[in-house]
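Derivation of every value follows stated rules applied to the coordinates shown; laboratory data play no part. No experiment lies behind these values; they were computed from the predicted model shown. Glycine also receives a Cβ, built like all others from the backbone with ideal geometry; neighbour counts cover every protein chain displayed.
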Amino acid sequence: MATSFAMQQIVFVGDILNTAARLEEYAKQTGRDLVISGALLSRPPPDVDVASCGDLAIRGKAAHVAAFRLTARRRRGPAARTPS
């Protein structure tokens, strides 16, 4: 029995949404602002620091997911100073 293209899209989107929800749950539990998967890390913005959270066991996935914490870099120079 062949799987339709529409059904493949639903499964694909469902997997992405499940992974995103589990990473959001992990971020809340660990007090991190933003956690992303390794698949999304291919092009991080230039103004963030990236740190590994390790490989996480995600409910609903057979394989572990590489997870990374993103933290905005503090600005340096005149824009970062507060008036006296």
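Would you list 36, 16 from fewest to most Cβ contacts within 10 Å? Let's see the in-between values first.
Values: 36 20, 16 13.
Fewest-to-most Cβ neighbours within 10 Å comes out as 16, 36.
Pull up all non-local amide H partners of residue 48: gap of 5 or more, or a different chain, and H-to-H distance under 5 Å with H placed in the peptide plane.
Here the answer is 73, since their amide H atoms fall under 5 Å of that of residue 48.
Give me a comma-separated list of calculated 3J(HN,Hα) values for segment 47-55, in order, Karplus coefficients 6.51, -1.76, 1.60 applied at θ = phi - 60°, integers in Hz, x for any Gly or Pro.
My calculation for segment 47-55 gives 9, 10, 9, 10, 9, 6, 9, x, 8 Hz in order.
Tell me, Kirkwood radius of segment 33-74 from alpha-carbon pair distances, in Å?
Details: mean 1/r = 0.0914 Å⁻¹.
Computed over Cα pairs of segment 33-74, the Kirkwood hydrodynamic radius comes out at 10.9 Å.
When a footprinting reagent is the concern and you count Cβ atoms within 10 Å, what order do 48, 65, 13 take, fewest first?
13, 48, 65
So, R0 is 41 Å and r is the distance between the beta-carbons of residue 48 and residue 13; what FRET efficiency does that work out to, to 0.05?
Details: r = 26 Å, r/R0 = 0.64.
It comes to 0.95.
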